[in-house]
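Taking it in order: structure first as structure tokens, then the write-up.
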Amino acid sequence: MDILIKNGTVVTSKEIKQADILVSKDKIDSIKPCGSFHEEVCLKVIDASNMLVMPGGVDVHTHLDMPFMGTKSTDDFRTGTIAAAMGGTTSIVDYVIPNKHESLKKAVNKWHKKAVDKAVIDYGFHVALVPPVDKILREFDYLVEAGITSVKCFLAYKNSLMLSDADLYRVFTKAAEHKLLVCVHAENGEIIDYLTKKYLKEGRKEPVCHADSRPPELEDEAVSRVIKISKLTETPVYFAHLSSKGGIKEIKRAKKNKQKVFAETCPQYMTFNQHKYLSEDFEAAKYVMSPPLRKYKHSSYIKKSLKDGIIDVVATDHCPFNFNKEKQRGIRDFTRIPNGIPGIETRMPVMFNEMIVKMGMCLSKFVEVNCAKPAKIFGLSQKGDIKPGKDADIVLWNPDIIWKIKNKNLHENVDYSAFEDYVVTGKPVTIISRGEIIVENGELKAEPGRGLYINRQISNSAYS
Ligand code: URP
Ligand code: ZN
């Protein structure tokens, strides 16, 4: 046998127990009570006493090497996946964003080229559907064959990514035929566009206008509209990066009515509030993202909803831009600040601190929303669990280390962290991906290109 992890506290989304884990090649072989296995026959023995042994994190919302708003996100698949690994994440699902009129196949091939020699952890793809949709709707068979079982519709970013309601209806109808899960960026792009132009006309150019032009009601409205289209077309839907109390209340109602609706939020919407936009200088640009940060009542409701099971997934929406470079494009015009913040390396530690240390939630809940459910919802059948036969993607977590997030110590390729000086209790120390130790006691061991493409299955959470 290749690796024995002994004396750890094994945490899955279902249970917590003291156990030893035997890893054979790239898979979990067996899990037995501590002391059951013969150490002599193992190539490597890891003593996980006083450690939590959890499935590797699954981040289903990333934007690596993505052309966006006249520039490009600064992490590629090498730096982005190294950062992910160092933060305890062993799988990502990145968004392929095709150009207008580009075939989905061509766009997917482009993304494969970006990833193949660079990734250090396993990766899958979603594909965004940009208008016009007529031709690309005919490529859904290809997507399923290519292991891409989810698509994304943007209701914001008018005149670039935004789809009309009619297109949305068409996508939903077609997606249901192919059992694709539709992910939605839910904000009302028409009104955002109107408010943006209005502010510019009034001479308002500062970063806070980004938030003012995208009030929470516009998210609430879009969520409600999409839930109705989802019901009408009998198509399951996944809401990306939810930030508003009203939007989440709509989801709660839909879930109660037994609609197949899934909800994602991100660490930033739980930990920060709109006051980040009030700094006098341009620092606020560091927090320009869509949807924007909200008032306290929204972040506190998100936390409650995570606890209550209304929110299914925590992902990052990792979309980094340097403050001193790309973000400066918008110094005289908030509409030119590229939208997005980094977070791929800090998601698991920040969420551990928020969920376990501050809110006292169960460790299994942490694993559920950060590993198990994202894997299940998006058809990563080998990921997100510690069970014989699954990929040996395992994180050894020291729950007692207290540390402060400093961008200079992170591996994200960006000149700031939105979480600078955030104090965390608990740290991932050793990371195993498909039976290979890729981080050992905080030191990277993996070579770029070792990460494999994940051929995803149809979501059986959505289409059971
Ligand atoms: O601000 C964000 N979220 N940028 C990335 C693109 C998106 O909207 O997800
Ligand atoms: Zn995104």
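Quick notes
- Rounded to 5, percent antiparallel among DSSP beta bridges of the chain: 50
- Divided by 2.2 N^0.38 Å, where N counts the residues, the Cα radius of gyration of segment 112-263 comes to 1.14.
- When every Cα-Cα distance of segment 382-440 is counted in 10 angstrom steps from zero, the calculated P(r) takes the values 21, 36, 33, 10, 0 percent.
- Residue 50 versus residue 308: modelled label distance in nm, points set 7 Å from Cα along the beta carbon direction: 4.0
- Measuring nothing but protein heavy atoms, the accessible surface of the chain at 1.4 Å probe radius is 50 percent carbon and sulfur.
- Using only Cα coordinates, the Kirkwood hydrodynamic radius of the chain works out to 22.2 Å.
- Fully extended contour minus Cα-Cα distance, from residue 322 to residue 204, at 0.36 nm per residue: 40.1 nm
- With Cα atoms defining each centre, segment 343-360 and segment 412-464 are spaced 14 Å apart in the structure.
- Separation in nanometres of the label points that stand 7 Å from Cα toward Cβ, at residue 420 and residue 41: 5.4
- The C-alpha atoms of the chain define a longest principal axis, and helix 216-233 lies at about 80 degrees to it.
- Calculated accessible area for the chain comes out at 38 Å² per residue, all protein chains present (probe 1.4 Å; ligands, DNA, RNA ignored).
- Leading residue at positive end of dipole, the chain (Cβ point charges), from 185, 144, 16: 185
- Net dipole in debye of the chain [+1 Lys, Arg Cβ; -1 Asp, Glu Cβ; about Cα centre; nearest 20]: 1220
- Efficiency of FRET between residue 142 and residue 403 - r from beta-carbon atoms, R0 60 angstrom, step 0.05: 0.85
- Here the gap between residue 333 and residue 282, fully extended at 0.36 nm per residue and compared with their Cα-Cα distance, gives a gain of 17.3 nm.
The values are calculated or read from the model by the stated rules, or taken from the named source; none is laboratory data. Quick caveat: nothing in here was measured; it's all calculated off a predicted structure. Note: ideal-geometry Cβ built from the backbone for every residue, glycine included; neighbour counts use all protein chains shown. Surface areas here come from the heavy atoms of the whole protein model, side chains and all, with no ligands, DNA or RNA. Shrake-Rupley method; radii C 1.70, N 1.55, O 1.52, S 1.80 Å.
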